[in-house]
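Structure first, commentary second.
Values quoted throughout were computed directly from the atomic coordinates according to the rules given, and no laboratory measurement underlies them. Bear in mind the structure is a predicted one, so any value in this text is a computation, not a measurement. Because the Cβ atoms are built from the backbone with ideal geometry, glycine has one as well, and the counts that use them run over all protein chains shown.
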Amino acid sequence: MRAIEFAEYGSPDVLRPHDVAVPEPGPGQARVAVRVAGVNPMDWKLRGGAMADVIPLRLPHRPGLELAGVVDAVGDGAPVAVGDEVFGWARTGSYAEFALASVIVRKPESLSWADAAALPVAGEAALRGLRLLSVGAGDVLLIHGASGVVGGLATQLAVARGATVIGTSGERGAETVRALGAIPVRYGDGLVRRVRDTGLRVDAVLDAAGFGALPDSVALLGGTERIVTLADPAAFELGITFSGGEPGDQNTGVLAELGDLAASGRLVVRHAAAYPLSEAARAQFESAGGHSGGKITLRVG
Ligand SMILES: NC(=O)c1ccc[n+]([C@@H]2O[C@H](COP(=O)([O-])OP(=O)(O)OC[C@H]3O[C@@H](n4cnc5c(N)ncnc54)[C@H](OP(=O)(O)O)[C@@H]3O)[C@@H](O)[C@H]2O)c1
């Protein structure tokens, strides 16, 4: 089968197509014929080597954390059957024609392949961030990166819970943020003043961007307690919660919830681009630019 791998850390050019063996599912696993693979910032952070100390990879490495596709073979006790249309987290890289998976659920019929492949990583992170912050009705929540994939999903989920959301974006993302039901504020110098100019007092902060907005967040809240970042390692020095997820956070309940919300139109994934598998390097390059304006996916099957 065709798969994208890299044998050394480096620029997107290290991503190369290879003919590799089709993986065999073990107990509890399914082999999925991948239709769409999601591209995430984690993919290029790992490829670039910046995280090699924290998450060392065995090279060659096949990227891809999430997938949507059709079950093609199952191991003993797999949670799905051959022929099922599924989505979820990949155990072997999803930048491939086939990948193994165990935390997967059936895809709601009305959910597109692209939406299904876009939900696991970003959707789980958005739900987790709101859970850790106990966001509920009446809260004023500041979301850094509301124009991004994770921030955009978190914005919709928080608004649906009755929170008022102030969402940061660049110049071009303001309309997107407004359409999601939030009050748009431009990120960058002067953020504290612009947030205060909304006339709202911030109760909690979710950083889904990771571009140095934690000190401003502390200034706005007057403390560190109700701040969670998904992306800024400065959190460790500032005594702020950095959430990368705990074992068990990636579960089928979360997938079912996300699938149901998206299939019923209560959660909308904004898509930026879909590339063929062979253009994985271009897809990661675009994601790493930081302003893709939506989800980037790879069309595989
Ligand atoms: N910890 C976890 O479990 C977890 C899970 C998933 C993702 N993440 C992390 O969360 C982050 C966002 O992921 P994503 O998939 O949502 O990425 P994304 O779609 O590319 O979103 C990036 C966001 O960052 C904003 N941004 C870009 N440059 C900025 C700057 N200089 N200052 C402030 N904001 C800026 C973008 O705004 P504009 O587009 O408007 O410029 C956009 O809102 C990534 O770092 C990712 O690794 C963490």
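Key figures
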| item | result |
| --- | --- |
| Longest segment of the chain lacking chymotrypsin sites (Phe, Trp or Tyr not before Pro) that sit in a DSSP loop with at most 16 other Cβ atoms within 10 Å | 10-210 |
| Surrounding net charge for Arg2, when Lys and Arg each add one and Asp and Glu each subtract one, Cβ distance under 12 Å | -1 |
| Helical mean residue ellipticity (222 nm; -39500 (n - 2.57) per DSSP H run of 4+; nearest 500) of the chain | -8000 deg cm²/dmol |
| Cα centroid of the range 106-156 to Cα centroid of the range 223-286, whole Å | 7 Å |
| Cα→Cβ-extended label distance, 7 Å offset, between Ala256 and Ala137, nm | 2.6 nm |
| Relative contact order of the range 123-242, pairs being alpha-carbon contacts under 8 Å that are 6 or more residues apart, as % | 25 percent |
| DSSP beta bridge pairing in the chain, given as percent antiparallel to the nearest 5 | 60 percent |
| For the chain, built as a Gaussian network whose Cα springs stay under 10 Å, the top-fluctuating residue of Gly69, Gly28, Gly152 | Gly28 |
| Radius 11 Å from Cβ of Val14, net charge of other residues (Lys, Arg +1; Asp, Glu -1) | -1 |
| Environment charge at Asp72 (Cβ cut-off 12 Å; Lys +1, Arg +1, Asp -1, Glu -1) | -2 |
| Max mean-square fluctuation residue, GNM over the chain, Cα-Cα springs under 10 Å, options Asp115, Asp72, Asp249 | Asp249 |
| Shape category assigned to the chain from the gyration tensor of Cα positions, a/c cut at 1.5 | prolate |
| Cα-projected label distance for Glu175 with Val268, points at 7 Å along beta-carbon direction, nm | 1.3 nm |
| Computed over the range 123-242, the ratio Rg/Rh where both radii use C-alpha atoms and Rh is Kirkwood | 0.91 |
